[in-house]
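The structure appears right after this line, and notes come after that.
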Amino acid sequence: MLDSFIPALMLAFSPEVILYVAIGVFMGVTLGAIPGLSGDMAIAILLPIVFFLEPAAALGLLTGIYKGGMFGGSISAISFGVPGTPGSAATAIDGYQAKLKGTPNKALMTALYSSVIGDSTSDLVLIFLALPLAIVALTFGPVEFFALYAFSLLLISALTKGKVAKGVAMAALGVLLAMIGRDPMGGTLRLTFGIPELAGGLALIPVLVGIFAVSELIIQLAKAWMERANRIMDDTRDKAQSLLGDYDASKDKLTFAEFRSTLKATGIGTTMGTLIGALPGAGSSLAAFISYGLAQRF
């Protein structure tokens with residue numbers, strides 16, 4: 001294995017491959033930061049183009065888009081509370097609160113460093129332990145997947161501290177929304193109400209945009225209707241001036257001590273992301289929320 005690993009490493013670090021990886025990362029971060037777009041969409045659009053590239057360069061471009069898109073979703077999640085990708089939905093829970101407290105740079109740097117550590121570690125695990133992980137993943141059947149998803153739903157509902165009943169109700173509502181569409185086993189249409197567009201089910205990105213972005217838009221519109229236009233303009237001007245006056249960039253830097261305090265949570269996320277990512281069909285959203293729940297517990 002070492003004989004093939006060294007030539008592959010030299011090929012991966014060739015100037016052409018690094019250039020295409022950089023282009024892919026830039027495109028992925030840009031698209032991932034826009035709610036409704038994702039790295040997967042860019043990969044699908046550019047797939048015909050990569051056939052004209054060398055295999056290593058094409059893989060570098062697609063990998064850069066995917067990895068950049070995963071982090072790019074954290075930018076909008078922290079800045080606006082709207083996750084750009086499904087995997088960054090958990091980031092919006094605490095990241096947006098950090099932004100409201102005046103430390104957006106710390107939150108972004110934490111997300112960046114955690115993403116780099118988690119991705120790099122999972123890549124090394126994939127390189128050296130792909131065969132054992134594949135054997136374990138192939139042993140997962142319907143019973144194991146049901147137990148995994150049931151555990152994740154209970155864990156997510158338990159995150160609502162002091163409001164477990166509401167958390168369970170929201171998890172049940174999520175299961176109900178996921179049932180819309182065609183039954184994967186029998187092909188029967190469920191809860192489509194005669195609407196052909198619902199036969200394919202609800203896509204995750206529109207649901208996330210609707211939950212986070214549209215709800216925030218409605219809240220802001222309600223506030224605007226309750227106040228007169230001139231009062232809103234005066235309040236906005238005063239708040240903008242106070243933010244510019246109170247913001248201290250020197251205090252919004254991630255220190256090494258703060259970064260070291262996140263390593264335990266990063267390790268939990270890396271471990272769960274690697275294990276769940278090795279399972280076919282599990283997805284980054286499930287890994288993100290399970291990691292978030294376990295990090296809160298420990």
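The values are calculated or read from the model by the stated rules, or taken from the named source; none is laboratory data. Fair warning: this is a prediction, and the values are worked out from it, not measured in the lab. Cβ sites come from the backbone with ideal geometry, for glycine too, and all protein chains shown count toward neighbours.
Step by step: first the residues of the range 221-269, then only those that are at pLDDT 70 or above, part of a loop (DSSP other than H, G, I, E, B) and of a type in the set (Ser, Thr, Tyr), then the one that is surrounded by the fewest Cβ atoms within 10 Å (Cβ to Cβ). Which residue is that?
255
Across the range 278-298, what is the total count of residues that are at pLDDT 75 or above and either within 21 Å of residue 124 (Cα to Cα) or among the small types (Gly, Ala, Ser) (or both)?
5
Picking from 22, 98, which residue would you name as being under 24 Å from residue 209 (Cα atoms) and of a type in the set (A, V, I, L, M, F, W, C)?
Checking each option against the conditions leaves just 98.
From the list 177, 208, 173, 198, which residue is within 16 Å of residue 86 (Cα to Cα), out of contact with any His (no Cβ under 7 Å at 6 or more places or on another chain), part of a helix (DSSP H, G or I) and modelled with pLDDT of 80 or more?
On the way: 208 fails: modelled with pLDDT of 80 or more; 173 fails: within 16 Å of residue 86 (Cα to Cα); 198 fails: within 16 Å of residue 86 (Cα to Cα).
Exactly one of 177, 208, 173, 198 is within 16 Å of residue 86 (Cα to Cα), out of contact with any His (no Cβ under 7 Å at 6 or more places or on another chain), part of a helix (DSSP H, G or I) and modelled with pLDDT of 80 or more, namely 177.
Take the residues in the range 27-49 that are surrounded by fewer than 22 Cβ atoms within 10 Å (Cβ to Cβ) and touching a Leu at 6+ places or on another chain (Cβ under 6 Å); name whichever of them is modelled with the highest pLDDT. Walk me through it before giving the result.
To start, the set of residues in the range 27-49 that are surrounded by fewer than 22 Cβ atoms within 10 Å (Cβ to Cβ) comprises 27, 30, 34-37, 40-41, 43-49.
Retained after the next criterion (residues that are touching a Leu at 6+ places or on another chain (Cβ under 6 Å)): 37, 43.
On the way: 37: 71, 43: 78.
Across the range 27-49, the extreme among qualifying residues is 43.
Which residue pairs have Cβ atoms closer than 7 Å, lie 6 or more positions apart in sequence or on different chains, and pair a first residue in the range 174-196 that is free of Cβ contacts under 8 Å to residues at least 60 places away in the same chain and more than 25 Å from residue 286 (Cβ to Cβ) with a second residue that is outside any helix (DSSP H, G or I) and charged (D, E, K, R)?
Every condition considered, the pairs that remain are 189/182.
Go through the range 50-72 and give me each residue that's charged (D, E, K, R) and buried (at least 16 other Cβ atoms within 10 Å of the Cβ).
First, the residues of the range 50-72 that are charged (D, E, K, R): 54, 67.
Selection gives 67 alone.
Against the definition (touching a residue at least 60 places away in the same chain (Cβ under 8 Å) and of a type in the set (Gly, Ala, Ser)), how does residue 114 come out, yes or no? Quick ask: steps written out before the conclusion?
Values: touching a residue at least 60 places away in the same chain (Cβ under 8 Å): yes; of a type in the set (Gly, Ala, Ser): yes.
The answer is yes for residue 114.
Looking only at residues in the range 80-96 that are assigned to a helix (DSSP H, G or I), hydroxyl-bearing (Ser, Thr, Tyr) and surrounded by 24 or more Cβ atoms within 10 Å (Cβ to Cβ), which one is nearest to the chain's Cα centre (by Cα)? Working first, answer last.
Looking only at the range 80-96, we keep the residues that are assigned to a helix (DSSP H, G or I), and these are 80, 86-88, 91-96.
Applying the additional criterion that residues be hydroxyl-bearing (Ser, Thr, Tyr) yields 88, 91, 96.
When the remaining residues are screened for being surrounded by 24 or more Cβ atoms within 10 Å (Cβ to Cβ), the result is 88, 91.
Details: 88: 3, 91: 7 Å.
It comes out as 88.
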